[in-house]
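One structure is given below, encoded as structure tokens.
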Amino acid sequence: MVILSKPSSFFNGVPLIDLSKHDSKNLIVKACEEFGFFKVINQKVPMEFISKLESEAIKFFSSSLSEKLKAGPADPFVYGNKQIGPNGDIGWVEYILLSTNTEFNYHKFASILGVNLETIRAAVNDYVSAVKKMSCEILEMLAEGLKIQPKNVFSKLLMDEKSDSVFRVNHYPPCPDIQDFSGKNLIGFGEHTDPQIISVLRSNNTSGLQILLKDGHWISVPPDENSFFVNVGDSLQVMTNGRFKSVKHRVLTNNAKSRLSMIYFGGPPMSEKIAPLPSLMEGEDSSLYKEFTWFEYKKSAYKTRLADNRLIHFEKIAAS
């Protein structure tokens with residue numbers, strides 16, 4: 001059954017960070033503390049990379065379902081439709097999911113799109129490389145804003161050749177009946193937090209994204225195809241000992257336009273130990289979380305429903 005929610009008006013208080021400004025590192029820290037979510041402008045991802053990949057993605061999702069299904073499941077998690085994860089979560093969405101450190105079979109995509117193999121491979125690699133670089137820049141600015149040394153304490157986890165980062169393209173087709181009889185909107189992608197360190201999202205100029213404020217209210221984020229949106233992930237919440245909060249978010253359906261979003265999830269290596277940084281604690285006893293590896297957390301998260309609080313199993317109070 002598709003999850004339902006009440007519609008809400010647009011929220012104009014989303015923190016806006018100009019990466020070219022000197023004080024941006026302090027503003028990023030503030031945004032991560034207050035919202036766990038912000039928008040960046042004056043980033044260095046070439047528009048050519050964005051347009052090229054978006055164009056190829058639109059071609060792919062415009063193909064017939066039988067053609068799209070050829071892209072998976074031979075390569076794990078390559079193409080999915082409506083079913084989100086293995087635990088019964090359903091949405092009005094189809095998607096492509098790729099590991100950024102694994103060479104997937106791009107021959108399938110090239111065949112479906114009717115393009116040269118190198119065209120689709122280059123479109124993905126160029127975009128992901130540029131967004132990964134921007135993500136590392138943001139994480140280093142965060143470290144500087146928190147006065148942590150070395151400044152690559154977060155970014156080195158994404159730069160590691162064994163980094164478990166993934167890239168996802170979500171497509172939300174127009175939904176003919178976006179509301180039920182009570183006037184509640186259907187959900188395209190259910191509420192959840194991202195388990196990784198950081199998520200960087202770009203979408204076309206179609207509404208749908210919502211975030212959950214600390215007061216428990218869902219607010220709609222105005223679409224902006226010229227900017228990137230950044231989420232704090234569960235792992236970064238742990239590493240900052242709860243100073244930053246991973247933001248819960250979801251996507252509503254739209255009955256007029258399709259929504260295309262491209263998300264880079266920056267994750268650590270599987271064997272990386274995740275724990276609060278000593279410099280952000282007043283002592284070892286002040287740690288809110290027990291240490292765990294990214295593999296342990298990912299395995300645990302994979303067993304949960306989207307809306308579950310995945311971190312509760314790793315909190316020290318819950319563990320005692």
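If I filter the range 309-319 for residues that are closer than 24 Å to VAL166 by Cβ and in contact with a Pro (Cβ under 7 Å, 6 or more places away or on another chain), do I get at least one hit?
For the range 309-319, residues closer than 24 Å to VAL166 by Cβ and in contact with a Pro (Cβ under 7 Å, 6 or more places away or on another chain): present.
Quickly run through the range 30-70 and pick out the residues that are more than 22 Å from LEU98 (Cα to Cα) and of a type in the set (S, T, N, Q).
Start the filter on the range 30-70 by keeping residues that are more than 22 Å from LEU98 (Cα to Cα), which leaves 30-44.
Selection gives ASN42, GLN43.
Pick from VAL247, VAL251, VAL230, VAL238: which is part of a loop (DSSP other than H, G, I, E, B) and open to solvent by less than 40 Å² (accessible area, probe 1.4 Å)? Lay out the reasoning, then the answer.
Working: VAL251 fails: part of a loop (DSSP other than H, G, I, E, B); VAL230 fails: part of a loop (DSSP other than H, G, I, E, B); VAL238 fails: part of a loop (DSSP other than H, G, I, E, B).
Matching residue, one of VAL247, VAL251, VAL230, VAL238: VAL247.
Out of all the residues in the range 135-145, is one or more in a helix (DSSP H, G or I), open to solvent by 10 Å² or more (accessible area, probe 1.4 Å), charged (D, E, K, R) and touching a residue at least 60 places away in the same chain (Cβ under 8 Å)?
So far as the range 135-145 goes, yes, one or more of its residues are in a helix (DSSP H, G or I), open to solvent by 10 Å² or more (accessible area, probe 1.4 Å), charged (D, E, K, R) and touching a residue at least 60 places away in the same chain (Cβ under 8 Å).
Pairs please, first residue from the range 290-311 and among the hydrophobic types (A, V, I, L, M, F, W, C), second anywhere and open to solvent by 80 Å² or more (accessible area, probe 1.4 Å), Cβ atoms under 7 Å, 6+ apart in sequence or on different chains.
PHE295/SER271
Condition first: touching a residue at least 60 places away in the same chain (Cβ under 8 Å), closer than 17 Å to ARG259 by Cβ and either of a type in the set (Ser, Thr, Tyr) or open to solvent by 30 Å² or more (accessible area, probe 1.4 Å) (or both). Now tell me which residues in the range 56-89 satisfy that.
Scanning the range 56-89 gives a single hit, ILE58.
Show the residue pairs meeting these rules: Cβ distance below 7 Å; 6+ apart or different chains; first residue within the range 27-51 and within 21 Å of LEU260 (Cα to Cα); second residue among the polar types (S, T, N, Q) and open to solvent by less than 10 Å² (accessible area, probe 1.4 Å).
Filtered contacts from the range 27-51: LYS39/SER227; VAL40/SER227; ILE41/SER227.
ILE263 versus (1) open to solvent by 50 Å² or more (accessible area, probe 1.4 Å); (2) part of a strand (DSSP E or B); (3) not hydroxyl-bearing (Ser, Thr, Tyr): which is the lone unmet condition?
Checking ILE263 against (1) open to solvent by 50 Å² or more (accessible area, probe 1.4 Å); (2) part of a strand (DSSP E or B); (3) not hydroxyl-bearing (Ser, Thr, Tyr), the one that fails is (1).
Which of the residues belonging to the range 170-188 are among the hydrophobic types (A, V, I, L, M, F, W, C) and either at pLDDT 95 or above or farther than 24 Å from GLU54 by Cα (or both)?
To start, the set of residues in the range 170-188 that are among the hydrophobic types (A, V, I, L, M, F, W, C) comprises 175, 178, 181, 186-187.
Result: ILE178, PHE181, LEU186.
Among what's in the range 146-165 and is open to solvent by 80 Å² or more (accessible area, probe 1.4 Å) and outside any helix (DSSP H, G or I), pick the residue that is nearest to GLY242 (Cα to Cα).
First, the residues of the range 146-165 that are open to solvent by 80 Å² or more (accessible area, probe 1.4 Å): 147, 149, 151, 156, 159, 161-162.
Next cut, outside any helix (DSSP H, G or I) only: 147, 149, 151, 161-162.
Values: LYS147: 17, GLN149: 19, LYS151: 19, GLU161: 27, LYS162: 26 Å.
Out of the qualifying residues, it is LYS147.
Can you confirm whether the range 233-254 contains a residue that is without any contact (Cβ under 8 Å) to a residue 24 or more places away in the chain and not hydrophobic (A, V, I, L, M, F, W, C)? Give the steps one after another, and end with the answer.
Initial filter on the range 233-254 (without any contact (Cβ under 8 Å) to a residue 24 or more places away in the chain): none.
No - not one qualifying residue is present in the range 233-254.
The values are calculated or read from the model by the stated rules, or taken from the named source; none is laboratory data. None of the values given here were measured: they were computed from a predicted structure. Positions of Cβ are backbone-derived with ideal geometry, glycine not excepted, and every protein chain shown enters the neighbour counts. These area figures cover heavy atoms from the full protein model, side chains too; ligands, DNA and RNA do not enter into them. Shrake-Rupley method; radii C 1.70, N 1.55, O 1.52, S 1.80 Å.
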